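Each remark here refers to the structure printed beneath this line.
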């Protein structure tokens, strides 16, 4: 739990109460046997598209459908819109975004500051180039339909 809170606090606005009360964002927390296993934070952008500004599953809970459950909650919260995300290149997080239908967002120039190593990582001397991704609304619907079918029939999940 402390790891998740530390991550959120280092990169997110300090006034969560105000942010969460206007309906433009949510934080969904997954628990396993009472312990926090991960979270997702979808937001509405000013242009009325969506963005996942955080999606984390603790390592000990990865591979147990926690991330899938959180992704479904995030996609359902945002509704029938394009959804953007930025994640670190070459990580499990990038692979999972792509598993859920996210593709390269070609509208973001390769030299855009969003794609630089996040400041807390850079300050620690780490290099973590980012990739901008998009889940287009038509793909979002297909992914959600697949997730709902898998929830109704776990044998049909396939992944």
ask   = For the range 28-42, how many residues are surrounded by fewer than 18 Cβ atoms within 10 Å (Cβ to Cβ) and within 21 Å of residue 79 (Cβ to Cβ)?
value = 1
ask   = What number of residues within the range 49-72 satisfy the criterion of being farther than 17 Å from residue 135 by Cβ, part of a loop (DSSP other than H, G, I, E, B) and in contact with a strand residue (DSSP E or B) (Cβ under 8 Å, 6 or more places away or on another chain)?
value = 2
ask   = Mind checking which residues of the range 92-114 are in contact (Cβ under 8 Å) with a residue 24 or more places away in the chain and assigned to a helix (DSSP H, G or I)?
value = 92, 93, 94, 96, 97, 98, 99, 114
query = Just checking, how many residues over the range 115-159 are in a loop (DSSP other than H, G, I, E, B), modelled with pLDDT of 85 or more, out of contact with any strand residue (DSSP E or B) (no Cβ under 9 Å at 6 or more places or on another chain) and closer than 27 Å to residue 82 by Cα?
reply = 0
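Residues are listed down the side, and each one gets a yes or a no for (1) surrounded by fewer than 20 Cβ atoms within 10 Å (Cβ to Cβ); (2) at pLDDT 95 or above; (3) not in a strand (DSSP E or B):
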{"position": "17", "(1), (2), (3)": "yes, no, yes"}
{"position": "20", "(1), (2), (3)": "yes, no, yes"}
{"position": "47", "(1), (2), (3)": "yes, no, yes"}
{"position": "74", "(1), (2), (3)": "no, yes, yes"}
{"position": "81", "(1), (2), (3)": "yes, yes, yes"}
ask   = Is it true that residue 31 is in a loop (DSSP other than H, G, I, E, B), at pLDDT 90 or above and more than 28 Å from residue 123 (Cβ to Cβ)?
value = no
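The values are calculated or read from the model by the stated rules, or taken from the named source; none is laboratory data. All figures in this text were calculated on a predicted structure; none of them were measured in a lab. Using ideal geometry, Cβ is built from the backbone for each residue, glycine included, and neighbour counts are taken over all protein chains shown.
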